[in-house]
Amino acid sequence: MTTCSSPRFRVERHLCPVGEDERRALLRAPGFGQVFTDHMATIGYSEDRGWHDATIGPRQALCLDPAALVCHYAQEIYEGMKAYRLDGGGTELFRPDANAQRFRRSAARLAMPLLPEVLFTESVRALVRVENAWIPSTQGHALYLRPFMVAIESARGVRASTDYLYCVVASPVRVYFSRRVVAVTLWVSDKFTRAAPGGTGDVKCGGNYAAGLSAQAEAIREQCDQAIFLDAVERRWVEELGGMNVFFVFADGSIQTPPLNGTILAGITRESLIALADDIGLIVREESYSIDQWQDDAKSGRLQESFACGTAAVVAPIGEVRGRKHRFTIGDGDGDGDGDGGPDPITERLKYTLTDIQLGRAADTHGWLDRLS
Ligand code: PLP
Ligand code: COI
């Protein structure tokens, strides 16, 4: 494998990029993942050449042999991260090193080659520099980056590929839930589980998301926004949503989130919020919480708020939880604490503590921002 201390990306500019007027129109209402930028980053990998041909080039369809291993055995991993336009000018990536490290953990779990951290971060930086004009300025919008890696060797045996393609695409986005969703409604998935001990729940591979789609479809049929998964062994402990971690906020001001026990993704937003909650003096527990206890505590008022969090969703209040055996409202169900227009509840406070740092409005005391020149 080649190691790369100072990676250079060959830049091939798109000959017909989206025009400025069209781009501005697209940036006004980008949705989530509906608009893509002009370029992409790619790096090849083969056993004999190692990592090679690091390129920023026009975004185009991938040319894959139908026998490529990813098409059959789902050897694929990905990351999700954002570039923000800072209030005071300039742009930043939020904790790209954490994404690079998680990408390596995911690769190790799926028997894929480990992309050097510097290649990961430089691929994203180089793409964002070329696509600078695509970074939205609108409050709450950002340039969402999707690094991923697929197994491209044509083979039939069930084994790890010898060849891979690493790629990064970018899209300007609003937050995951549209503004019409004030507080999300969750469907308790008691039929489908997402991850079992020893499985791949703690890494970011496409297969986890495919396995969650039936639960998500059920949630939509039940007129909920998202499915929430319970542990696969006892079907009792709240784990996470299909693409977000979950937090519980109690009347005594403490907060709790399920522990990283091997079946939950170690969210970078989760970890950042734990650090920020600690900074502001909240008691934080990483402890299991059962669905029955959640219901009891919501009904008794011991629990005041709950929220989902992740790069795409940022911090999204949970208003209601429903399932075949459960039905409860969090607070008054509108995601703004007591709903009286009074002081921001803890969910709001944590959200703005995080986003103020991401937008350069508050001091980056943890050194999380990777400012791009
Ligand atoms: N859990 C799952 C299953 C996810 O897909 C994500 C999103 O990436 C998260 C949690 C939140 O992770 P992060 O905060 O790193 O985006
Ligand atoms: C992210 O937050 O980056 C994810 O990958 C989650 C997905 C629901 C978009």
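Throughout, read-outs are computed from the coordinates displayed, never taken from laboratory work. Source: prediction; values computed, not measured. Glycine also receives a Cβ, built like all others from the backbone with ideal geometry; neighbour counts cover every protein chain displayed.
Take every DSSP beta bridge whose two residues both sit in the chain; close to 80 percent of them are antiparallel. Of all lysines in the structure, those lying under 28 Å Cα to Cα from Lys325, and not within fewer than 8 positions of it along the same chain, are Lys191, Lys299. For the range 298-326, list residues with backbone N below 11 Å from a point placed 7 Å from the Cα of Ala217 toward its Cβ? Correct set: none at all.
Taking the Cα centre of the chain as origin, work out the dipole magnitude from +1 charges on Lys and Arg Cβ and -1 charges on Asp and Glu Cβ, in debye rounded to 20. Write out the running numbers ahead of the final one.
On the way: 41 positive and 49 negative charges, 176 e Å.
Rounded to the nearest 20 debye, it is 840 debye.
Taking label positions 7 Å along the Cα-Cβ direction at both Asp334 and Phe32, the computed distance is 2.3 nm, reported to one decimal. With the dipole of the chain worked out from charges on the C-beta (+1 for Lys and Arg, -1 for Asp and Glu) around the Cα centre, which of Gly57, Ala210, Trp134 lies farthest toward the positive end? Looking along the dipole axis, the top candidate is Gly57.
Starting from the Cα of Gln293, move 7 Å in the Cα-to-Cβ direction to define the label point; list residues of the range 255-271 whose amide nitrogen is under 12 Å from there. Inside the label zone: 256-259.
List the equivalent ellipsoid semi-axes of the range 272-312 in whole Å, largest first, each obtained as the square root of 5λ for an eigenvalue λ of the Cα gyration tensor.
Numbers: eigenvalues 94, 35, 20 Å².
Over the Cα atoms of the range 272-312, the semi-axes work out to 22, 13, 10 Å.
I'd like to know which of Phe248, Ile264, Ala277 lies farthest towards the positive end of the charge dipole of the range 244-373, counting +1 on Cβ of Lys and Arg and -1 on Cβ of Asp and Glu. Result: Ile264, furthest along the dipole toward the positive end. With a Förster radius of 35 Å applied to the beta-carbon distance between Cys71 and Val284, the computed FRET efficiency rounds to 0.25.
Projecting the alpha carbon convex hull of the chain along each direction and taking the average yields 19.3 nm². Rounded to the nearest 10 degrees, the inclination of helix 346-358 to the longest alpha-carbon principal axis of the chain is 20 degrees. Looking at the range 2-173 only, what percent of DSSP beta bridges run antiparallel? Nearest 5 please. In the range 2-173, DSSP labels about 95 percent of beta bridges as antiparallel.
Would you mind checking the tilt of helix 206-221 against the longest principal axis of the Cα atoms of the chain, expressed as 0 to 90 degrees and rounded to 10? It is inclined by approximately 40 degrees. For Glu131, nonlocal amide neighbours, meaning residues 5 or more places apart or on other chains whose placed amide H falls under 5 Å from its own, do not occur.
Taken about its Cα centre, the range 2-173 carries a charge dipole of roughly 340 debye when the Cβ of each Lys and Arg holds +1 and the Cβ of each Asp and Glu holds -1.
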